[in-house]
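For reference, the structure is listed below as structure tokens.
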Amino acid sequence: MLKTVAAFDRIGEENAFAVLARANALAAQGRDVISLGIGQPDFRTPDFIVEAAIKALRDGHHGYTAANGIPALREAVAADLHKRFKVEVSPDSVMIMPGGKPTMFMSILMLGEPGAEIMYPDPGFPIYRSMIEFTGATPVPVPIREENGFAFSAEETLKLITPKTRLLIINSPANPTGGVTPKSEIDKLVAGLEKWPDVAVMSDEIYDHMVYDGEKHVCLLSYPSIRDRLILLNGWSKTYAMTGWRLGYAVWPGKLYDYARKLSVNLHSCVNASAQYAGLAALTGPQDEVDKMVAEFDRRRKVVVEGLNKLPGVSCVVPKGAFYAFPNIKATGWKAKELANTLLNETGVVTIGGPDFGILGEGYLRLSYANSTENILKALGRMGDFLASRK
Ligand code: PLP
């Protein structure tokens, strides 16, 4: 028997990938599968971004770059944050990362260890808890409630902080709920955090462009009182339909920057050079493709919410951000994962059971509306027929 490190047996997964594999296997058998499962835009990366990567390759950008990314891209990230949120960010605190996930991995690794507590949203992105458990830190779920529009409650969050808390993970707009935490609540949360100067905050803002109904995204960098302990996670995956490029960025405070730079040197040396040039084109080029994608998500959001609310036993609050709906299915009498599995097997509609995102996810399904309106309507029709037949 190999003797391995026990922590590796504690690493979790993202069930969305397993469901994707099953859905693909069913499709390969000729089944008519409609995916509302995986969280990635169904659009192509805009052509001018692809062209920039091709040009970078033709121009000979084939070697390693600096571990923290090419200077022009770090500067472009700082300029973009300034343009959108009026925040001053030094390019020297920006690091180019191979996607959004590595920022959460590194942050949790830097701050988590046995005896420490790390707070994370439940329901929330499953990798947070997975990584916390890997480090041996105690995961402390922060309840994200439907009756609160799936926003963080400052009061409930602050009550859970203890002298052992090292890190609080915030995610707005959120996966899996589509919840957006309003500025008034973030103001209260940040004010409360002033009493806890040793608690770091990781703000996962990967869906920051996808906010609807006139809401404005609040970037946590806008709060000077927590700037020296704020880690910003963001990237190109969702905004520019670039999930497969593996390109993200972090803003690290203080000495965490150097920890992350050294970890990068140890892990991946640098991010793919041509992808970095593509990311530069994305930030400095026209943004109308982003606006078009967001407008399309908004249209589908309305279709999906309206359709879900007509299904027997299903109710869905209007998600204010990202591209997910998180309907309550408690009145159908089904357990969420069982319903997701049965829907896939019997109707070919791919959804994810809420419990894959935390304990409070029971009684909910996650639907990603990163699919055409036609397919969304077809899927809702199948779900409605199925639920009516099983009443
Ligand atoms: N953060 C959240 C909340 C996400 O939903 C995702 C992807 O689904 C990520 C981070 C990871 O993004 P990336 O693909 O850039 O690693």
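The values are calculated or read from the model by the stated rules, or taken from the named source; none is laboratory data. Fair warning: this is a prediction, and the values are worked out from it, not measured in the lab. In this analysis, Cβ positions are derived from the backbone assuming ideal geometry, glycine residues included, and neighbour counts consider all displayed protein chains.
Give me the residue from the stretch 164-182 that is over 15 Å from Arg229 (Cβ atoms) and in contact with a helix residue (DSSP H, G or I) (Cβ under 9 Å, 6 or more places away or on another chain) and, out of that set, farthest from the ligand (Cβ to nearest atom).
Thr181
Within the stretch 92-107, track down each residue that is more than 15 Å from the ligand (Cβ to nearest atom) and either buried (at least 18 other Cβ atoms within 10 Å of the Cβ) or among the polar types (S, T, N, Q) (or both).
Ser93, Val94
For the stretch 139-178, name all the residues that are surrounded by fewer than 24 Cβ atoms within 10 Å (Cβ to Cβ), of a type in the set (A, V, I, L, M, F, W, C), in contact with a Phe, Trp or Tyr (Cβ under 9 Å, 6 or more places away or on another chain) and assigned to a loop (DSSP other than H, G, I, E, B).
The answer is Ile161, and nothing else.
Which residue is surrounded by the most Cβ atoms within 10 Å (Cβ to Cβ), if the candidates are limited to the stretch 280-333 and must be of a type in the set (Phe, Trp, Tyr) and out of contact with any Gly (no Cβ under 7 Å at 6 or more places or on another chain)?
If we take residues in the stretch 280-333 being of a type in the set (Phe, Trp, Tyr) and out of contact with any Gly (no Cβ under 7 Å at 6 or more places or on another chain), then Phe323 is surrounded by the most Cβ atoms within 10 Å (Cβ to Cβ).
Any idea which residue in the stretch 191-218 is surrounded by the most Cβ atoms within 10 Å (Cβ to Cβ), counting only those that are under 18 Å from the mean Cα position of the chain (by Cα) and within 20 Å of Tyr128 (Cα to Cα)?
Asp204
Out of the residues in the stretch 66-80 that are in contact (Cβ under 8 Å) with a residue 24 or more places away in the chain and out of contact with any strand residue (DSSP E or B) (no Cβ under 8 Å at 6 or more places or on another chain), which is surrounded by the most Cβ atoms within 10 Å (Cβ to Cβ)?
Out of the qualifying residues, it is Ala76.
Considering only the stretch 26-76, state which residues are β-branched (Val, Ile, Thr) and in contact with a Leu (Cβ under 7 Å, 6 or more places away or on another chain).
Within the stretch 26-76, Val33, Ile38 meet the criteria.
Checking Ala18 against (1) at pLDDT below 95; (2) within 16 Å of the ligand (Cβ to nearest atom); (3) surrounded by 15 or more Cβ atoms within 10 Å (Cβ to Cβ), which single condition isn't satisfied?
(3)
Of the residues that sit in the stretch 306-351 and are touching a Lys or Arg at 6+ places or on another chain (Cβ under 7 Å) and of a type in the set (Val, Ile, Thr), which one is nearest to Val180 (Cα to Cα)?
Thr351
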